[in-house]
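A short write-up of the structure that comes next.
The values are calculated or read from the model by the stated rules, or taken from the named source; none is laboratory data. The structure displayed is predicted, hence computed values, not measured ones. Methodologically, a virtual Cβ is constructed for each residue, glycine included, from the backbone with ideal geometry; neighbour enumeration extends over all protein chains shown. Side chains included, ligands, DNA and RNA excluded: accessible areas come from the protein's heavy atoms. Shrake-Rupley method; radii C 1.70, N 1.55, O 1.52, S 1.80 Å.
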Amino acid sequence: ELDDPTELRLGNRIRLENDVPRANFEDLRRISRQEYLSKREERQVLLLQAELQDFEWEIEQIGWDRLTTKEQQEYKFKKEIFSTIQERWEIEQDMETHYMLPDDYFTEDGKIDKKRKQDTLHSKYNDTAVVDWEADQMRKAVKADTRVPEKEYEFVFDSSQAVEFVSDPVDVERERLEELIAEEEERIKTIDETRKSLPVYQYRDELIKAVQEHQVLIVVGETGSGKTTQLPQYLHEAGFTKDGKKIGCTQPRRVAAMSVATRVADEIGTAVGDKVGYTIRFEDRTSERTILKYMTDGMLLREFLTDPELLSYSAIMIDEAHERTLSTDVLLGLLKDIVAYRPDFKLLISSATMNAQKFSDFFDGAPIFNIPGRRYPVDIFYTSQPEANCLHAAITTVFQIHLQQDPGDILVFLTGQDEIESMADNLAETCLKLGDQIPELVICPIYANLPSDQQRLIFEPTPEGARKVVLATNIAETSLTIDGIVYVVDTGFVKENVFNPSTGMESLEVKPCSKASADQRAGRAGRLGPGKCYRLYTKWAYLNELAANPTPEILRSSLASVVLLLLSLGITDLLNFDFIDKPAPDTLIKALELIYALGGLNENGELTKVGRRMAEFPTEPMMAKTLLTSSELHCCQAVLSVVAMLQEAGSIFYRPRERKEQADKARQQFVQTLGGDHLTLLDVWTKFVENGHSVQWCRDNYVQYKSLLRVRSIREQLERMCERMGLLDNETDLEHDRLVVGVMKSVVAGFFVNAAQLSKTGDAYRTMKKNQAVWIHPSSVLFGLKPPPKLLIYNELVLTSKEFMRTCIPVHEKWLREYAPHYYSDK
Ligand code: ADP
Ligand code: MG
């Protein structure tokens, strides 16, 4: 009856298109590369499944051979993607039922902290409870899972049944799709309402006019008024993306860039990576179609290397400028130049209420556009005495609020991923113990390494009768707005880079936050109505111990990367570069010295070939130098693996609490005491590859599959760069011992600055250059080794109770003289 197959196909397509938009080919490609799935993508997968069904029906009707080659290819491609996704879901579901413990349950001297250990549930709880709980969690997870059950998946590929399936009047899958479409429509409606209810909306036209009239505009407004999500869209609507140019918006933090891009993509109704995309280090989710690009400030800075006039952008918005990150500060200086020679270029600087005048002055009196915002009163509570254990105090406070206060969500400010995970675990355990005695507490951690579908949870409305508690770092001070927060718990700390120009040492430190930060944090409680803020420090401390404002990062970090970048942009007069706050000349000189010692500068202070290459790598110069050297030593592939593993070093191993001993034993098989943490990490990577990137292998060996997937992606990117630079041309098959030496020497060539020598007394280490006392971190495989290595190089320094060296590798002293003759000439 159907004699014209083309018509059949057409009819079919049209019906499909009326029903639902076809999943886009490009988007599908992207899905296959991502190791996680957001809900949006999930919807697309369902669409894809429907398409495949239709396809199969067509094939059944007209025969495979009568499809065009292109259609055959498309079908094969889509089908392949579909099964990949299916597989990945299974893996992810599996991984999600496993638990990870933060590795920091140690006391100062490296022993397991008995108290904290005891505090954990499992020493008090018997195993049956745990098993029950896990089973329960599993059930919940399965229930909440809207994915296509496996049975139907098989059904799709059973072509004899496919016809029946499609023509069945009660088509379950269709119904499910229709439901989704209805949901989607509802969502779009609410999104539209939200957009219009934001404070910026009233000023939309005025804002557009101001941008048209002024080249530089400072925009100030309360957090949550809609600056980040709306302003780039307004510029787009006002025609700034017409002639193929983009609008860029920088964020100081990765999480913010990802989260905001996802939100804006949702608002516009496109997939992330399509019209709206984001770029963060080692992850680029943009395409040729991207017109609104969110990115970290560091990524825009790197764009200057390839597009020094930023010609692909019609406008840039420097968001959260008040944060004064190193990259933002440098960007402001560079953009000031661009503004001067590109009259068509627009610059928006957006900032929370503080500091606006300073930006205006820097840009020769640029106008300040103030978006009036509402702010409700917030009652502030202080502790009567200093709290010894902040985390403990925070947990207690959360439960006090949960049990005694009116409805409203809680936001807790902590210092980093370790603390967030530890607190999340602890809260979950306590809730489990209390069971039905308390209302439900929805625990939402947020940090950069969290998969993006879990990051989204913080924005989900809280279920009736439950209370949400969001655990965040200072990212929630101004970059992320979470609706519904009524209570803020502020530990009063922040984790920061601290650089000491006299020793040249940089370390991560947990420090008291500033008064300005504390006030911002409190303000989060009063966005939608009156709120309460619980400060876990005394009023006296607030008044006397907190600095008024945070120190701009440029005044407290090593400037090596920035200086290298500026030099490769041809900016040599660093002392006169237009910084909004000039860094200390000492710090600049230290940076130049380091680049010189790394071989990046010659005697005349000019950039060398090595220097230019170092600047090209998206890693710090020391890491780049390590890679460059490894090529000369014929071991670039191995060092690539080490370098990629170092990026995730903190989250490779996991110790589920119920199987700590097995986990430690499993870890032991990778340990290479002679090669320290670096070669231990290399061993994990090598075995992971040898075992075909297998999830099962990861599970058996207590390593985290998700982290290794990230390592794989980082490694691939770095490898492509090395290949382009010809660094892989020297590669030979080295025997094991030579390879070890090659890796060690490469590390020395990059990180000689971080050399530390065993002290005479044998209990601590001293840095080679300045004789500062440092200790091996308890998480290192070298910790407690007898005899301890005489000399080692650390990857990073963390100051907690002591200056700890995290991730270390033993080396020979003669290599220091070989690779850093100038630096260690006095030795
Ligand atoms: P600002 O930059 O002025 O602080 P934003 O543009 O970030 O404000 O946020 C405006 C509003 O958009 C918030 O109040 C919130 O309701 C909503 N929003 C922002 N990001 C998200 C997100 N990732 N998910 C859901 N809603 C969001
Ligand atoms: Mg914002």
(request) Please work out if Q400 is of a type outside the set (K, R), within 16 Å of ligand 1 (Cβ to nearest atom) and in a helix (DSSP H, G or I). (result) no
(request) Of the numbered conditions (1) of a type in the set (D, E, K, R); (2) loosely packed, with under 14 Cβ neighbours inside 10 Å; (3) touching a helix residue (DSSP H, G or I) at 6+ places or on another chain (Cβ under 9 Å); (4) modelled with pLDDT of 75 or more, E193 fails exactly one; give the number of that condition. (result) (3)
(request) Scan segment 508-517 residue by residue and report those that are within 21 Å of V398 (Cα to Cα) and either within 16 Å of ligand 1 (Cβ to nearest atom) or surrounded by fewer than 22 Cβ atoms within 10 Å (Cβ to Cβ) (or both). (result) P512, S517
(message) If the requirement is being within 15 Å of ligand 1 (Cβ to nearest atom), in contact with a helix residue (DSSP H, G or I) (Cβ under 8 Å, 6 or more places away or on another chain), not hydrophobic (A, V, I, L, M, F, W, C) and not in a strand (DSSP E or B), which of these qualifies: D274, D266?
(response) D266
(message) Any residue that is in a loop (DSSP other than H, G, I, E, B) and either within 16 Å of ligand 1 (Cβ to nearest atom) or of a type outside the set (D, E, K, R) (or both) - is there at least one of those in segment 292-307?
(response) no
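Yes/no per residue for (1) modelled with pLDDT of 90 or more; (2) away from ligand 2 (no atom under 16 Å from the Cβ); (3) not polar (S, T, N, Q):
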position	(1), (2), (3)
E323	yes, no, yes
A340	yes, yes, yes
P343	yes, yes, yes
A366	yes, yes, yes
G373	no, no, yes
Y382	yes, yes, yes
P386	no, yes, yes
(request) Read through the list (1) surrounded by fewer than 16 Cβ atoms within 10 Å (Cβ to Cβ); (2) out of contact with any Gly (no Cβ under 7 Å at 6 or more places or on another chain), then give the number of the only condition that T397 fails. (result) (1)
(message) Which count do you get for residues in segment 236-254 that are open to solvent by 10 Å² or more (accessible area, probe 1.4 Å) and outside any loop (DSSP other than H, G, I, E, B)?
(response) 4
(request) Among the numbered conditions (1) assigned to a loop (DSSP other than H, G, I, E, B); (2) away from ligand 2 (no atom under 16 Å from the Cβ), tell me where I482 comes up short. (result) (2)
(request) Please identify the pairs in which a residue from segment 474-488 that is among the acidic types (D, E) has its Cβ atom under 9 Å from the Cβ atom of a residue that is within 12 Å of ligand 2 (Cβ to nearest atom) and at pLDDT below 90, counting only partners at least 6 apart or on another chain. (result) E477/T223; E477/A352; D483/G224
(request) Among the helices (runs of 4 or more DSSP H) lying completely within segment 621-726, list those that include at least 3 residues that are charged (D, E, K, R). (result) 660-668, 676-690, 705-724
(request) Give the residues of segment 737-764 that are out of contact with any Ser or Thr (no Cβ under 6 Å at 6 or more places or on another chain) and over 20 Å from A644 (Cα atoms), sorted by residue number. (result) D737, R738, V753, A755, Q757, L758, S759, K760, T761, G762, D763, A764
(message) If I filter segment 462-473 for residues that are in contact (Cβ under 8 Å) with a residue 24 or more places away in the chain, surrounded by 16 or more Cβ atoms within 10 Å (Cβ to Cβ) and not in a strand (DSSP E or B), do I get at least one hit?
(response) yes
(request) Could you grab me the full set of residues in segment 285-302 that are surrounded by 16 or more Cβ atoms within 10 Å (Cβ to Cβ) and either in contact (Cβ under 8 Å) with a residue 60 or more places away in the chain or not aliphatic (A, V, I, L, M) (or both)? (result) R285, T286, T290, L292, K293, Y294, T296, D297, G298, L301, R302
(message) Given the options I458, I446, I475, name the one that is within 16 Å of ligand 2 (Cβ to nearest atom), more than 15 Å from the chain's Cα centre (by Cα) and within 22 Å of S259 (Cβ to Cβ).
(response) I458
(message) All but one of (1) within 16 Å of ligand 2 (Cβ to nearest atom); (2) open to solvent by less than 30 Å² (accessible area, probe 1.4 Å); (3) not in a helix (DSSP H, G or I) hold for V489; state the number of the condition that does not hold.
(response) (1)
(message) Please verify whether K532 is open to solvent by 60 Å² or more (accessible area, probe 1.4 Å), of a type in the set (K, R) and more than 16 Å from ligand 1 (Cβ to nearest atom), treating the condition exactly as stated.
(response) no
(message) Return the residues of segment 231-241 that are more than 17 Å from P343 (Cα to Cα) and either away from ligand 1 (no atom under 14 Å from the Cβ) or touching a Phe, Trp or Tyr at 6+ places or on another chain (Cβ under 7 Å) (or both); say none if nothing qualifies.
(response) H236, E237, A238
(message) So G762 ticks every box in (1) at pLDDT below 90; (2) surrounded by fewer than 16 Cβ atoms within 10 Å (Cβ to Cβ); (3) within 25 Å of E509 (Cβ to Cβ) but one. Which box is left unticked?
(response) (3)
(request) Mind listing just one residue for me: the one in segment 492-507 that is assigned to a strand (DSSP E or B) and open to solvent by 50 Å² or more (accessible area, probe 1.4 Å) and, of those, nearest to Y447 (Cα to Cα)? (result) K495
